[in-house]
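One structure is given here, and the rest of the page talks about it.
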Amino acid sequence: MNLVYSAGIAAIMGCGIYMLLSRHTMRILLGVMLVSAAVNLVIFLAGRIGPNPPPLVEAGAYTLSPDAANPLPQALVLTAIVIGFSLVAFAAALALQTFRTSGTLDQRELNEAEALGSPYEDKVADK
């Protein structure tokens, strides 16, 4: 079963990397989302997906039972989801402002900064 999970995660990661290599800003943003989801699934898979009892310490005990679910991957994935959502929200707002300013989201056409030249060229020419 882990092989099926691994193949599914690899497919999601492959699609995400393919979209990251695109020249369109929204595809790049969707690629970041897919890679983030794949990494979250890898963390879940590392935490042993299965019908384990919840990670609760019973009354009178000081540790978890050995067959209890690992709470660390759950906490890591929850944190990663929140951080990933804020990253995507910020990038979407940035892409919207870029579209309003330049009228395009194609990375090949966003080259106004290159047309201005380097701020260090004058200093090199003076020496």
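Annotation: per residue accessible area for segment 1-96 equals 70 Å², rounded to a whole number [probe 1.4 Å, protein chains only]. In a solvent-free Debye calculation with one equal scatterer on each Cα, what is log10 I(q)/I(0) for segment 1-62 at q = 0.16, 0.28 Å⁻¹, listed in the order of the q values? So the normalised log intensities are -0.61, -1.07.
Rounded to the nearest 500, what is the chain's calculated 222 nm mean residue ellipticity when only DSSP H runs of at least 4 contribute -39500 (n - 2.57) each, over all residues? Computed mean residue ellipticity for the chain: -22000 deg cm²/dmol.
So, with a 1.4 angstrom probe, what is the percent of accessible area on the chain that is carbon and sulfur?
With neighbouring chains kept in place, the figure for the chain is 68 percent.
With respect to the chain, whose longest principal axis is taken over its alpha-carbon atoms, helix 2-20 is tilted by about 10°.
All alpha carbon pair distances within the chain were sorted into 10 Å bins beginning at 0; the resulting P(r) in whole percents reads 11, 26, 23, 18, 12, 7, 3, 1. Note that segment 23-38 has calculated 3J(HN,Hα) couplings of 9, 9, 4, 5, 5, 4, 5, 5, x, 4, 5, 5, 5, 4, 5, 5 Hz, one per residue in order, obtained from phi through the Karplus relation 6.51 cos²θ - 1.76 cosθ + 1.60 (θ = phi - 60°); glycine and proline are x. For the chain, the longest principal axis of the Cα atoms and the long axis of helix 71-102 meet at an angle of about 20 degrees.
The values are calculated or read from the model by the stated rules, or taken from the named source; none is laboratory data. This one's a predicted model, so the numbers in the text were calculated from it and none came from an experiment. Ligands, DNA and RNA are excluded from the accessible area calculation, which covers all protein heavy atoms including side chains. Shrake-Rupley method; radii C 1.70, N 1.55, O 1.52, S 1.80 Å.
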